[in-house]
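Participant: Got a structure for you, questions after.
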Amino acid sequence: MTVCLVLVAVFWQSILPFNNGGNLPDNYAAMVTEVEHCRWGDSQAELHEDDILYSKQSVHLAEGVIRLCFQSGTEIAVEGPANFILLGSNSMMLKRGQLIAKVYKGGVGFTVRTPDAEVIDLGTRFGLNVEPDGTTEAHVFEGEIEMKSHGEMVETPAGVAVRVENGEFTIEDALPERFSSMAKSGSIEIGHRVHDPNIDLQLKPTPIVWGPEKDLNGPEDIFKEGKLVRAINSREFHLIINNVYFNFGVPLQGRGKTNLSGKGTGDKNLDLMISSYSYAKSPSAFYIEGLEVGAKYKIQLILADPRIVRDGDRIIYGDDCDPENTITLKNRSKDPDQPPFGQYVIGEFTAGDTTARLTIRTVEPLRKVAFLTGYILRRVDQ
């Protein structure tokens, strides 16, 4: 029994924030927990296990792996060649190199700045690589992060990697094996959740009859026929637009947002919705759940925004039954000060199953990312 209690005490001490207790300087940021085959840069003093690192202290690691535990309890491993600076008890600057981080409850909000981006943890495990030119790539193994660059922000969930180069975002699948050299049993282990957007659920077909694509000019374009089943927007909170209550959700795999560069629609809530989006690697799919077999529905797909970075995207939506039965929407007009603010389409279908699968892909294959701002599902046979 005594042995068990000792083990539990050590375990919790290892994952909770440090308690200074007056024994350490106020500006200490992290402690070195392990060094593995390290060779240091020319001007870098050699570091050892249990060394204390302070705010604004820089480290130049030529090769090897160094493991740190921040005062917040966040654990990281950095692999050389790498240059980094401790900015505080729960933040750092990675100028180049790669790391993996394991963030516990007390460290949520752990921030890593790079020359071209800022990564904010939302409670997760992730890997980060910074190339010598500042190009930044984050792979999320568990939980979620926010990636910010040049005024844009992309929320990245487990199983997804986001790369930013000169302000341009690219979405891929996370690759834990890229960071396997830093993984260690019992310390900062890497999760292996892999998102598979093409999983076959063996659904019965639900063909959709698409209406014409239409320009989104204002709140009056929000669809209101029939009985509302659900309305989803990709913003981080609920919105009411044209007396339709939109819940927050992520129809696709991840979520991002930006600010409108033009005058907007005149409706604050609609402006919030069209300045957000969900995204997935193209081609992908999303699922309409909670249907009643044989019931008739209409769905409005809304593609707006992002007004600055993603100007001119064209996204193709299909019904997963006939590859020729698709509709293509454009995300906005060329003039940011004038409508339309994207496009929408309304499709009608009779549910063949309790879930319908819609396909989604981008016209421009080099982008590799497909988008959806939100949707409204209504039942129209009651």
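The values are calculated or read from the model by the stated rules, or taken from the named source; none is laboratory data. Note that the coordinates shown come from a computational prediction; the quantities given were computed from them, not determined experimentally. All Cβ positions, glycine included, derive from the backbone under ideal geometry; neighbour counts span all protein chains shown.
Participant: Restricting attention to the stretch 144-169, and to residues there that are more than 10 Å from the chain's Cα centre (by Cα) and assigned to a loop (DSSP other than H, G, I, E, B), which single residue is nearest to P81 (Cα to Cα)?
Facilitator: Among them, the one singled out is N166.
Participant: Here is a follow-up. Output the number of residues of the stretch 243-275 satisfying the condition of being at pLDDT 85 or above and either under 13 Å from G342 (Cβ atoms) or crowded, with 22+ Cβ neighbours inside 10 Å (or both).
Facilitator: Final tally of qualifying residues: 4.
Participant: I would also like to ask the following. So which residues in the stretch 214-230 are over 18 Å from Q382 (Cα atoms) and either touching a residue at least 40 places away in the same chain (Cβ under 8 Å) or in a loop (DSSP other than H, G, I, E, B) (or both), if there are any at all?
Facilitator: K214, D215, L216, N217, G218, P219, D221, I222
Participant: Of all residues in the stretch 333-360, how many are in contact with a Pro (Cβ under 7 Å, 6 or more places away or on another chain) and at pLDDT below 85?
Facilitator: 1
Participant: Let me ask something else about it. Looking at the stretch 82-95, can you tell me whether even one residue there is β-branched (V, I, T), in the same structural domain as V119 (by TED's automatic domain parsing) and within 31 Å of the chain's Cα centre (by Cα)?
Facilitator: Yes, the stretch 82-95 has at least one match.
Participant: Can you tell me which residues in the stretch 155-202 are surrounded by fewer than 15 Cβ atoms within 10 Å (Cβ to Cβ), at pLDDT below 50 and not acidic (D, E)?
Facilitator: Residues satisfying the conditions are S185, G186, H192, V194, N198, I199.
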